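Here, each number is a calculation from the coordinates, and none is a lab measurement. All values reported here derive from a predicted model rather than from experimental measurement. Heads up, the Cβs are rebuilt from the backbone with ideal geometry, glycines too, and the neighbour counts pull from every protein chain shown.
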Amino acid sequence: MRQPAPNPDHTRMSPNESRNQALAARDLRHLWHPCTQMHDHAGTVPMLPIVRGEGPWLVDADGRRYLDGISSWWTNLFGHANPRIGAALKQQLDTLEHVIFAGFTHEPAIELAERLAQITPAGLERVFLADNGSAAIEVALKMSFHYWLNQGAGQKTRFIALTGSYHGETLGALSVSDVALYRKTYAPLLLTPVLAPSPDAYEAEPGESAEACAARRLGELRVLLEQHAHETCAVIVEPLVQCAGGMRMYHPSYLTGLRALCDEFGVHFIADEIAVGFGRTGTLFACEQAGVSPDFMCLSKGLTGGFLPLSAVLTTTPVYEAFYAEYNAGKAFLHSHSYTGNPLACRAALATLDIFRDEPVLERNRELAAHLARRLAPLREHPQVADVRQTGMIAAVELVRDKATRAPYPSEERRGLRVYLHGLEHGALLRPLGNVVYFMPPYVVSTDELDHLVDVAIAGIERAIAD
Ligand SMILES: *Cc1c(COP(=O)(O)O)cnc(C)c1O
């Protein structure tokens, strides 16, 4: 069992004794951080320099330790500085760091494509590589549109996305996202998707089951498809859990119904498994729980175990064949990224897949998930908690101002930020999404470490709701 080392008492250090403070000051002179109002770092929110990772723990420059309860933005599966992935990378580093991926290939990419085709749902046999999640979404959207164009259906130019969805930050990916915090500023620059109501079970009618809610939402999607299928390329969804939208969860039957509707109306089904893929929801891929194969599956985040940026778009042979023609037919997919198929990233992905092959990862996760569920269950009775939900190794606690009406705390009160700050003081990295405190730990946590995470979160919630 790895417990947090007693943290040195920060308050007794003068600024020039703290390595953290020295590095933070240098950082703030030049760096601009993602998803951050930099002004926060002039006040109460620390900028934390991390010098080392050990399994699920992060260690800062002053030697303080934090349990990474969110897998460093949902990327890390098997711990920081994982020795097995590290060793594979070191070997690749001395062999080939990168090569142009047009006209050239290499074994790490070849083997990765073979193995991804093998482990993903049936029919996904063609693999296009990119270097982050948003880029994978761009690829899937462009490929779907271009498929229809190549089939003589150039009038299909729109996409259907779910309310509360999140697919990334680049303009195309943001276009099919519905998290207002990220989208509304850039709305004038974006494509306008058709929004279908999410099957999110939190938004179910009183007394309605998650499954009944999914069936009702499929009925609403059918109406939208009746109106828009002729101009629609694809429906894009995050299977089972809408993560950035607040860890909202839904019944797998929605995906089964979605597959049938996409077939009936002649539109593609894009599964964004960037966050939920690789065992996060209890199965290797979330789509498996509905027994469906999408037309496109986007993978990233956990793909390299959290070591390097890489993404993959898997699609079917019929889609591939719609682009396959003599050069002057002008049907090729001429999309590229400089680092497409980077051998180091592919090698990290292969080492990650080796761990899934050689260790009982999903079984171990089932035990961890059950432990987490037991520890979180008492929170259901909490007067400021409207919902405790879980899908595999994702669990979330929805804080509300009023349990009866489920009226949320105003976002200006930044209650979640208080949980974050409490976590840092007590050796845990928790980073709530608004009023949703969630747990998405690396798969190498122990039950004792989960206990630590939950204990810190519960104390953090008490502080966050006080006054
Ligand atoms: C994180 C995420 C993305 C974007 O991936 P980036 O690598 O951050 O660009 C897309 N879709 C989902 C579901 C995600 O969680």
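What dipole magnitude, in Debye to the nearest 20, does region 323-467 give about its Cα centre under +1 on Lys/Arg Cβ and -1 on Asp/Glu Cβ?
360 debye
Compute the distance in nm between two label points, each set 7 Å from the Cα along the Cα-to-Cβ direction, one at Thr317 and one at Ala25.
Calculated label separation equals 6.4 nm.
Pairing the Cα long axis of helix 447-465 with the longest principal axis of the chain, what angle in degrees results, from 0 to 90 and rounded to the nearest 10?
It is inclined by approximately 80 degrees.
Could you give the angle, 0 to 90 degrees to the nearest 10, between helix 415-425's Cα long axis and the longest principal axis of the Cα atoms of the chain?
60 degrees
With unit charges on the beta carbon (Lys/Arg positive, Asp/Glu negative), name the residue among Gln155, Thr232, Thr185 whose Cα is farthest towards the positive pole of the charge dipole of the chain.
With unit charges placed on the Cβ atoms, the residue in question is Thr185.
So how far apart, in nm, are the two label points at Asp455 and Trp73 if each is 7 Å from Cα heading toward Cβ?
Distance between label points: 3.1 nm.
Rounded to the nearest 0.05, what FRET efficiency is calculated for Arg357 and Ser446 with R0 set to 22 Å and r the Cβ-Cβ distance?
Once rounded, the FRET efficiency stands at 0.45.
If you line up the long axis of helix 83-93 against the longest principal axis of the chain, both from Cα atoms, how many degrees apart are they, to the nearest 10?
60 degrees
Of His41, Ala201, Leu424, which is farthest on the positive side of the dipole of the chain, counting Cα position, with +1 on Lys and Arg Cβ, -1 on Asp and Glu Cβ, and the Cα centre as origin?
His41
Be a star and scan region 41-73 for residues whose amide nitrogen sits under 15 Å from the point 7 Å along the Cα-to-Cβ vector of Asp467.
Answer for region 41-73: 44.
What share of the DSSP beta bridges in the chain is antiparallel, in percent to the nearest 5?
Close to 65 percent.
For region 85-358, treating each Cα as an identical point scatterer without solvent, what Debye log10 I(q)/I(0) comes out at q = 0.12 1/Å?
-0.72
Is there a quick way to get the dipole size of the chain? I mean about its Cα centre, with the Cβ of Lys and Arg at +1 and of Asp and Glu at -1; what is the value in debye to the nearest 20?
Dipole about the Cα centre, nearest 20: 600 debye.
Using only alpha carbon pairs under 8 Å that are at least six residues apart, calculate the relative contact order of region 288-438 and give it in whole percent.
13 percent
Below 8 Å between Cα atoms, with a sequence gap of 6+, how large is the relative contact order for the chain in percent?
Relative contact order, the chain: 20 percent.
Considering only the other residues whose Cβ falls under 13 Å of the Cβ of Ala42, what net charge follows from Lys and Arg at +1 and Asp and Glu at -1? Can you show the working numbers first?
Details: positive: Arg29; negative: Asp27, Asp40.
That sum, taken over residues with Cβ under 13 Å, equals -1.
Provide the gained length on full extension for the span Ile110 to Glu226, in nm with one decimal, where the gain is 0.36 nm per separating residue minus the Cα-Cα distance.
Contour length minus the Cα-Cα distance gives 37.7 nm.
Hey, rough spin-label estimate for Leu190 and Gln118, points 7 angstrom out along Cα→Cβ, what's it come to in nanometres?
Inter-label distance under the simple model: 4.0 nm.
Jot down the radius of gyration and Dmax of the chain, Cα atoms only, both in angstrom.
Rg then Dmax for the chain, in Å: 22.5, 72.
Hey, what did region 191-323 get for relative contact order, percent, Cα under 8 Å, at least 6 apart?
19 percent
Given a cut-off of 19 Å, what percent of all Cα-Cα pairs of region 76-168 lie beyond it?
For region 76-168, the fraction of Cα-Cα distances above 19 Å is 64 percent.
Largest first and to the nearest Å, give the Cα extent of region 333-463 along each principal axis.
51, 37, 29
Could you give the size of the charge dipole of region 308-390 about its Cα centre, using +1 on the Cβ of each K and R and -1 on the Cβ of each D and E, expressed in debye and rounded to the nearest 20? Present the calculation step by step, with values, prior to reporting the outcome.
Values: 9 positive and 9 negative charges, 59 e Å.
It comes to approximately 280 debye.
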